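Here is the structure we will look at, set down as structure tokens.
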Amino acid sequence: MKLFPMNFIVTNGTVGPIPDYGPNALIWVSIDGPQAIHDRIRGRGTYDRIVRNLDDYGRPFAVTTVLNRLNWPHLTELVDEWAGRGASAFYISLHTPQAGRIDELTLVGREREACIREVEKAWEGWPDLVVGSPGMFKSMLDGNLEGICPLARGILVCYDAAFNRRSPCGMMGNCRVCGLHYAHFLRAVEEGDEDALRWAQLLLGSLGKA
Ligand code: SF4
């Protein structure tokens, strides 16, 4: 299916076989921590099912992880493991609380900053695996993109699962606790950050065909 230069398919990876969407598609599998942590969050046995399904899939895939107060201290271990399993890319975002209200998994204050530093450390250790750039991390640490979010500018209209119109985006519009680091990544791209541009080219280009 060739709708865009690259189609990103996000899946929890638990249902196999994972379909082959063709050479212009890259599968992103959600993994929330090393086995014990992932299974605690997503259900017992889910981690092993993902590993089995990806082994059977046999094509390039990427990992997407949402960090929260439970799993962020295990990030290095997780990236190390999936580097060994042959992931093509690793995208990390932070937990965004429902309805914008801080919950028990939301990273705030010093803990949020420590977590972002850990993501930066992972990028420094695996610059060709972990999506990131100095500009992106600076923007993440600065925090609030309210009124300047490049992602929101690209959204014409957004509805949630109950067909309520959401503005400016589907992340419940609380930029202060938004964990979608893709917004910061786009900001770094707009500002000409070299590493962000390199990753943008990789993601839109040859990564899925590697
Ligand atoms: S909530 Fe997140 S994605 Fe939405 S406008 Fe704010 S920073 Fe952007």
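The values are calculated or read from the model by the stated rules, or taken from the named source; none is laboratory data. Because the structure is a prediction, the values reported are computed rather than measured. Here the Cβ is made from the backbone with ideal geometry for all residues, glycine too, and neighbour counts use every protein chain on show.
Taken over segment 24-49, the criterion of being touching a His at 6+ places or on another chain (Cβ under 8 Å) and within 19 Å of Ala89 (Cα to Cα) is satisfied by Ile31, Asp32, Gly33, Pro34, Tyr47. Take Arg153 and tell me if it is under 24 Å from Ala89 (Cα atoms) and within 11 Å of the ligand (Cβ to nearest atom). In short, no. The number of residues in segment 95-132 that are within 15 Å of Cys175 (Cα to Cα), in contact (Cβ under 8 Å) with a residue 24 or more places away in the chain and not in a loop (DSSP other than H, G, I, E, B) comes to 3. When the residues of segment 180-192 are filtered to those that are within 14 Å of Asp142 (Cβ to Cβ) and not hydrophobic (A, V, I, L, M, F, W, C), the one that is surrounded by the most Cβ atoms within 10 Å (Cβ to Cβ) is His184. For segment 169-179, which residues satisfy the criterion of being crowded, with 16+ Cβ neighbours inside 10 Å and either modelled with pLDDT of 80 or more or more than 8 Å from the ligand (Cβ to nearest atom) (or both)? The answer is Cys169, Cys175, Val177, Cys178, Gly179. If we scan segment 125-141, do we find a residue that is under 22 Å from Gly192 (Cα atoms), of a type in the set (S, T, N, Q) and more than 17 Å from the chain's Cα centre (by Cα)? No, because not a single residue in segment 125-141 is under 22 Å from Gly192 (Cα atoms), of a type in the set (S, T, N, Q) and more than 17 Å from the chain's Cα centre (by Cα). Please determine whether any residue of segment 61-75 is touching a residue at least 60 places away in the same chain (Cβ under 8 Å), surrounded by fewer than 22 Cβ atoms within 10 Å (Cβ to Cβ), closer than 20 Å to Val131 by Cβ and in contact with a His (Cβ under 7 Å, 6 or more places away or on another chain). Yes, segment 61-75 contains a residue that is touching a residue at least 60 places away in the same chain (Cβ under 8 Å), surrounded by fewer than 22 Cβ atoms within 10 Å (Cβ to Cβ), closer than 20 Å to Val131 by Cβ and in contact with a His (Cβ under 7 Å, 6 or more places away or on another chain).
For segment 1-94, the strands (runs of 3 or more DSSP E) that sit wholly inside it and include 1 or more residues that are of a type in the set (A, V, I, L, M, F, W, C) and more than 26 Å from Cys178 (Cα to Cα) are 25-30. Among the criteria (1) more than 9 Å from the ligand (Cβ to nearest atom); (2) at pLDDT below 95, the one Ser133 does not fulfil is (2).
Cβ-Cβ contacts under 6 Å between residues 6 or more apart (or on different chains), taken from a first residue in segment 145-157 that is aliphatic (A, V, I, L, M) to a second residue that is near the ligand (Cβ under 8 Å from one of its atoms) and modelled with pLDDT of 90 or more, are listed as Leu145/Ala183; Leu151/Ala183. Residues in segment 82-106 that are within 16 Å of the ligand (Cβ to nearest atom) and more than 18 Å from Ile9 (Cβ to Cβ): Ile92, Leu94, His95, Thr96, Pro97, Gln98, Ala99, Gly100, Arg101, Ile102, Asp103, Thr106.
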